[in-house]
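The block underneath contains the structure these notes are about, expressed in structure tokens.
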Amino acid sequence: MLSSLQNPRQAAAQLLNFGLILSTAFMMWKGLSVVTDSPSPIVVVLSGSMEPAFQRGDLLLLWNRNLFEETNVGEVVVYNVKGKEIPIVHRIVRKFGTGPDAKLLTKGDNNAADDTELYARGQDYLTRKDIVGSVVAYMPFVGYVTIMLSEHPWLKTVMLGIMGLVVVLQRE
Amino acid sequence: MASQEKISVYNLADLKNTSDDAIPNYLNSLGFRQSHRLTDVRLGLGFSALALAAAAFAWDYKFGFDATKHLTAVAVAIYTLLNGALALWISHVERGTVYVGTSPGGEDVRISTSVDKNVPVYHVTVEITSKGGKKETLKIDRPFAEWFDEAGRFVAAPFQALFARGVPVIGKADPKRARAEEEGEKDTAAAAATAYTPEMLDVLAKATVASGVGSTSDAEATGATGVAKKGGKRRKA
């Protein structure tokens, strides 16, 4: 392994193999983004506000194109609120007007009240451009790993440690 | 001559990689001129794909998704093409090639190697194109145990003799190794494997293939022929 570093071509080839794994993963993600027209086409449900439809840890696939019809009442959408980091998954319950300027109101299936509380200060409704995508498919529970990792940062250290150990032991 | 580094004799990838690395070393030391064209094309394709992905990451990070999505779409398409070309290059052009070069006599030599899963036999294909353009293909299939001792050290002498004997172009460049077989070997334990007759080696190879286990066994590594014979029989039974 170390001796291969004396040969620049072999070292370059090893670096390439490692780089291609990372870059292919990234480009697949970007490809999915481009196809779905959504900056973040896969999201993980973080709260129980959409139960019983979605539970914490469900993985959602989003679609952000209006090929045949507009985004309508009843669709579950993911939207961003200005000044808030985390996107929210809720259902559209009211729609006033049509086109890109239609005013949309959302509500979590499991929440008592609609989302006006959650919007930015002074914001009473969403428009189409706030929406990151509509949910078209989901996979239950798969995303729980990321929730665990973000809520218990020490798990990241443990995981990195295990991965490092595997690399050292396997050498390949 | 004996090797620097020990490997695990149960790791087929290690056995193959170490042997693959030894081929260019040996041939270049005989005055063969190695051509790096295949590797260079592969590195070129791979690193341009990598550079494209890095650029896509950079503009996405800097300008956001919506401002750059058309550019990103183009980048994804080109990246897919480059990666596809790379895959085709590796599977259809390189085909496991570990060495391309020109012999001192002017013949073009191309050596590719492969192994079957869980079978410790080294398959070598040597393509020789003479100066007149005549093509000749030689195949050598030998168990790794012939040139790895039981501790996992690579032993150069039997490995090089394999090529010197099996490939006339290499034999011409290295007459000493090519002759080693016929004269009977006095080269100590290092060359023990070459003390066997080809028939015996075939029997051993078959036994190893049949059992299908990565057994390097004491048989090939120890010098004494009697022990080797017994080992071979026992394994066959």
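The values are calculated or read from the model by the stated rules, or taken from the named source; none is laboratory data. It should be emphasised that the depicted structure is a prediction, and the values quoted were computed from it without experimental measurement. Note that we place each Cβ from the backbone using ideal geometry, even for glycine, and neighbour counts take in every protein chain shown. Surface accessibility is based on the protein's heavy atoms, side chains included, excluding ligands, DNA and RNA. Shrake-Rupley method; radii C 1.70, N 1.55, O 1.52, S 1.80 Å.
Probe 1.4 Å, all protein chains in place: accessible area of A:D58 in Å², nearest 10?
Using a 1.4 Å probe on the heavy atoms, I get roughly 10 Å².
For A:10-23, what's the mean count of beta carbons from other chains sitting within 10 Å of each residue's beta carbon?
4
So if the hydrodynamic radius of segment B:33-97 is defined as the Kirkwood radius over C-alpha pairs, what does Stokes-Einstein give as its diffusion coefficient at 37 °C and 0.692 mPa s, in µm² per second?
D, rounded to a whole number, is 250 µm²/s.
Which whole-Hz ³J(HN,Hα) couplings does segment B:91-105 yield from phi under the Karplus relation 6.51 cos²θ - 1.76 cosθ + 1.60, θ = phi - 60°, glycine and proline marked x?
7, 10, 9, 6, 6, x, 5, 10, 8, 10, x, 10, 6, x, x
Separation between the B:K135 and A:F18 pseudo-spin-labels, each 7 Å from Cα along Cα→Cβ, expressed in nm?
3.8
Can you give the accessible area of B:F63 in Å² (nearest 10), computed on protein heavy atoms with a 1.4 Å probe?
Using a 1.4 Å probe on the heavy atoms, I get roughly 130 Å².
Quick one: Debye curve from the alpha-carbon atoms of chain A only, equal weights, vacuum; give me log10 I(q)/I(0) at q = 0.09, 0.14, 0.17 Å⁻¹ to two decimals.
Listed by q, the Debye log ratios stand at -0.45, -0.85, -1.10.
Just checking the output field for B:61-69: average partner chain Cβ neighbours within 10 Å of each residue's Cβ? Each step should come with its number before you reach the end.
Numbers: counts 0, 0, 0, 1, 8, 3, 0, 1, 6.
For this peptide, the per-residue mean of nearby foreign Cβ atoms is 2.
Based on the mean of other beta carbon atoms within 10 Å per residue, what is the order of B:91-101, A:43-53, most packed first?
By packing density, highest mean first, the sequence is A:43-53, B:91-101.
Cα centroid distance between segment A:94-172 and segment B:20-94, in Å?
34
Within 10 Å of each candidate Cβ there may be at most 16 other Cβ atoms; applying that plus a DSSP loop requirement, which chymotrypsin sites (Phe, Trp or Tyr not before Pro) in segment A:64-121 survive?
Taking segment A:64-121 and a limit of 16 other Cβ atoms within 10 Å, the loop chymotrypsin sites (Phe, Trp or Tyr not before Pro) found are A:F68.
For B:74-84, what's the mean count of beta carbons from other chains sitting within 10 Å of each residue's beta carbon?
3
Could you tell me the accessible area of B:S35 in Å² (1.4 Å probe, neighbours in place), rounded to the nearest ten?
Rounded to the nearest 10, the figure is 50 Å².
B:H92 to B:W59: FRET efficiency via 1/(1 + (r/R0)^6), r the Cβ-Cβ distance, R0 22 Å, to the nearest 0.05?
Once the sixth-power term is evaluated, E becomes 0.10.
At 7 Å along the Cα-to-beta-carbon direction for both A:R65 and A:F96, put a label point, then send me their distance in nm to one decimal.
Label-label distance for A:R65 and A:F96, simple model: 3.2 nm.
Convert each backbone phi in segment B:53-63 into a coupling constant with the Karplus relation 6.51 cos²θ - 1.76 cosθ + 1.60 (shift: θ = phi - 60°), then list the ³J(HN,Hα) values in order as whole Hz, x for Gly and Pro.
Those phi angles translate into 5, 5, 4, 4, 4, 5, 6, 5, 5, 7, 10 Hz.
Non-local amide H neighbours of B:Y122 (under 5 Å, H modeled in plane, Pro and chain starts lacking H): which ones?
B:R142, B:F144
Ordered by residue, what ³J(HN,Hα) values in Hz, to whole numbers, does segment B:129-141 give under the Karplus form 6.51 cos²θ - 1.76 cosθ + 1.60, where θ = phi - 60° and Gly and Pro are x?
10, 6, 4, x, x, 7, 9, 9, 10, 10, 10, 10, 10
Here are some pairs, A:K107/A:K129; B:K139/B:K176; A:K30/B:K16; A:K156/B:K117; A:K82/B:K62; which of them have Cα atoms lying more than 29 Å apart in this structure?
A:K30/B:K16; A:K156/B:K117
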